[in-house]
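A short worksheet on the structure shown next.
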Amino acid sequence: MRAFTYQRADSTAHAAAAAVKPGGKIIAGGTNLLDLMKLQVETPSNLIDINRLPLDKIEETPDGGLRIGTLVRNSDLAADPRVRQRYGVLSRALLAGASAQLRNKATTGGNLLQRTRCYYFYDVTKPCNKRNPGSGCAALAGFNRIHAILGTSNQCIATHPSDMAVAMRALDAKVETVNRQGETKVIPIAEFHRLPSRTPEIETSLKPGEIITAVTLPPPPPGVQVYRKVRDRASYAFALVSVAAIVDSTRGRIRSARLAFGGLAHKPWRVAQAEQKLANAPANTATFNTAADAVLEGARGFGGNDFKIPLTRRTLHSVLAEITPT
Amino acid sequence: MDEHGSNTEFNPIEVTRRTVVETGAAALLLTALPRAALAAGPLDDTGPPPPPATVELQINGRSHLLTLDPRTTLLDALREHLALTGSKKGCDHGQCGACTVLIEGRRINSCLTLAVMHDGQSVTTIEGLAEGENLHPLQAAFVEHDGFQCGYCTSGQICSAVGMLAESRQGMPSYVTEVLAHPAAELTDAEIRERMSGNICRCAAYPNIVAAIKQAAEMPT
């Protein structure tokens, strides 16, 4: 681990002012950042600890939604009775991620900002445009079983590893931020994570020194909520494919549907056209197929991850069949 | 391997043997990290050390004031500065659970947090569970059910189980809890396995670990 100075933030403005300086880095749960610092993938020279800031509450919003402080731990968010009652897909997604020890430490904001688990990003002896812009992408022709099939570029085929963010994408969450001038901003989660394009090192729409303070959830949409995660082990593994589904249906007919996918792209993947194919349609194989076609439009495998294309289709079929009883 | 020799407390032969064991274990557990990456040492830096930080930790009921390089993980603070070597360093990347301790009663991976981040907080390690000569019920149950072979993961398993039983009693759900709205989930084998999935046992003593935890879970607290 490279040497750094450590300071404890006493306000978000203080934290933002320190983070905007070269080498400044915010630490919250630290479960991903310290891992990367040990490997010298991340080499901050000043670490700003925000754990003592009062950003760890879950509150009701006037519109019937929830406001989740950025420091709410993943385990506490998953166990919150309101989340369990109204946002089951979020609770399930959180519980599908990492281990209990990590969820006790990992925060809401940190979960959104976690880095890809691409092997080549982690291995500082290999080229990686995300870690070292311009050095190339070792995953393109390398071992790419866990990599993206949608929204890729010839610079980067990494995936975003979060389960939580996939559920939040289906729930149309919003990310609240503040900068060092104290100016607040609300970023729809659809616009929060970016595709790799030509700048895979820029992963979110956050500006330098801008800090996440909370994530808000609008009132839950009607329908049954499901989170399905397909992975190599029964527990404690990242998703190969995951689906957050919220489907409102009655007697074999779908009224409305929301689908967000993990494990497929550099951000949680959601396709409006796929949801339109399901709306006001019979819940049958033909409908599910047209939705899967829309989700997978433009999908491309890189050898090791070709299996994700049929796996996504089958997982979607299975989830939709489960969630739309006749 | 710590090639920079920044840690003079270890005899080099021991470090080499230990490193082989750790790297081998980690490679078996997870394919996610290349072996070269796992070998990076904790303080592998050639530059001048950063200014030290002072931290007060309440460890197993006793106050300890430490002056540490801010890079020191909680695990290294326990093992290298306080000689509390019960907490083990397995992968050092939060993947194996051997370093599990309790902070304010909640289980965490002590390898993935800095000691300075826990100033003023209480830490419970495996050394703090027994009361005098009386083993903690989970320790006794692990002995009774033979919940280990080599024993390297055991302190992490037991600390994790202490935290897990507390979570379960508070009604926290798990991924396999069928109905999320019902807080009190019965600790079936499937629940125990899922809730303990952050603790890897390379000897695969899992059936006995589950049996030990199940027995301890049924005891009054």
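Just so you know, all these numbers are worked out from the coordinates, no wet-lab data involved. The model shown is predicted, which means the values in this text are computed figures rather than measured ones. We place every Cβ from the backbone using ideal geometry, glycine too, and count neighbours over all the protein chains shown.
If you put +1 on each Lys and Arg Cβ and -1 on each Asp and Glu Cβ, how big is the dipole of segment A:197-291 around its Cα centre, in Debye rounded to 20?
It works out to roughly 320 debye.
Shape of segment A:127-215 from its Cα gyration tensor (a ≥ b ≥ c, root eigenvalues): rounded if a/c is under 1.5, otherwise prolate when a/b > b/c, or oblate?
oblate
Check cross-link reach from A:K130 to the lysines: straight Cα distance under 29 Å, and skip same-chain residues fewer than eight apart.
A:K21, A:K25, A:K38, A:K105, A:K174, A:K185, A:K207, A:K229, A:K267, A:K308
Assigning unit charges at the beta carbon (Lys, Arg +1; Asp, Glu -1) and nothing else, what dipole magnitude in debye, to the nearest 20, does the protein assembly as shown show about its Cα centre?
Here the size comes out at about 1780 debye.
Compute the Cα gyration tensor for segment A:190-239, then decide on rounded, prolate or oblate, letting a ≥ b ≥ c be the square roots of its eigenvalues: rounded whenever a/c is under 1.5, prolate when a/b is larger than b/c in the other cases, and oblate in all that remain.
oblate
Please work out whether segment A:209-289 counts as rounded, prolate or oblate from its C-alpha gyration tensor, where a ≥ b ≥ c are the square roots of the eigenvalues and a/c under 1.5 means rounded, while otherwise a/b larger than b/c means prolate and anything else oblate?
oblate
Compute for segment A:1-130: radius of gyration divided by Kirkwood radius, i.e. Rg/Rh, restricted to C-alpha atoms, rounded to two decimals.
Taking Rg over the Kirkwood Rh, I get 1.01.
State, to one decimal in nm, how far the label point of A:R300 lies from the label point of B:H81, with both points 7 Å from Cα in the Cβ direction.
Between A:R300 and B:H81, the label points sit 5.1 nm apart.
Report, in deg cm²/dmol and to the nearest 500, the calculated mean residue ellipticity at 222 nm for chain A, where each DSSP H run with n ≥ 4 adds -39500 (n - 2.57) and the sum is divided by the residue count.
Value at 222 nm, helices only: -7500 deg cm²/dmol.
Mean 1/r over all different Cα pairs, inverted: what Kirkwood radius does segment B:68-221 give, in Å?
Hydrodynamic radius (Kirkwood, Cα pairs) of segment B:68-221 is 15.8 Å.
Need one number for the protein assembly as shown: average projected area of the convex hull over its C-alpha atoms, nm².
On the way: hull surface 98.7 nm².
Average of the hull's projected areas for the protein assembly as shown equals 24.7 nm².
Between A:T199 and A:R52, what FRET efficiency comes out of the Förster formula 1/(1 + (r/R0)^6) with R0 = 45 Å and r the beta carbon distance, rounded to 0.05?
0.85
Take B:V176 and B:D146, extend 7 Å from each Cα along the Cα→Cβ direction, and tell me the distance between the two endpoints in nm.
The modelled label-to-label distance comes out at 2.3 nm.
Expressed as a whole number of Å, what is the distance separating the alpha-carbon centroids of segment A:283-321 and segment B:131-171?
Between the Cα centres of segment B:131-171 and segment A:283-321 lies a distance of 44 Å.
Please name whichever of A:L195, A:N289, A:T107 sits farthest to the positive end of the charge dipole of chain A, dipole taken about the Cα centre and charges placed at Cβ: Lys and Arg +1, Asp and Glu -1.
The Cα lying farthest towards the positive end belongs to A:N289.
Rounded to two decimals, what ratio of Rg to Rh does segment B:53-153 give with C-alpha atoms and a Kirkwood Rh?
0.98
Can you give the average number of partner chain beta-carbon atoms within 10 Å of each beta-carbon in peptide B:90-96, as a whole number?
If you average over the peptide's residues, the count of other-chain Cβ atoms is 4.
Measure off 7 Å from each Cα along the Cα-to-Cβ vector at B:K214 and A:A234, then give the distance between these two points in nanometres to one decimal.
1.3 nm
Lys/Arg Cβ at +1, Asp/Glu Cβ at -1, dipole of the protein assembly as shown taken about the Cα centre: which of A:Y227, B:A141, A:P325 is farthest positive-ward?
Final value for the positive-end residue is A:P325.
According to the Kirkwood expression over distinct Cα-Cα pairs, how big is the hydrodynamic radius of chain A, in Å?
20.2 Å
In bins 5 Å wide, starting from 0, what share of all Cα pairs of segment A:41-80 does each bin hold, as a percent?
Per 5 Å bin, starting at 0, the Cα pair percentages come out as 6, 19, 19, 18, 14, 11, 6, 5, 1.
In whole angstrom, note down how far apart the Cα centers of segment A:188-239 and segment A:20-99 are.
Segment A:188-239 and segment A:20-99 have Cα centres spaced 12 Å from each other.
Suppose a student asked you for the relative contact order of segment A:1-85, using Cα pairs under 8 Å spaced at least 6 residues apart; what percent would you report?
Details: 113 pairs, mean separation 25.5, N = 85.
So the answer I get is 30 percent.
Any idea which of B:T124, A:N280, B:L82 is furthest toward the positive side of the dipole for the protein assembly as shown, if Lys and Arg beta-carbons carry +1 and Asp and Glu beta-carbons -1?
Of the options given, the answer is A:N280.
So, counting K/R as plus one and D/E as minus one, what does the shell of residues with Cβ under 13 Å around B:E178 add up to?
-1
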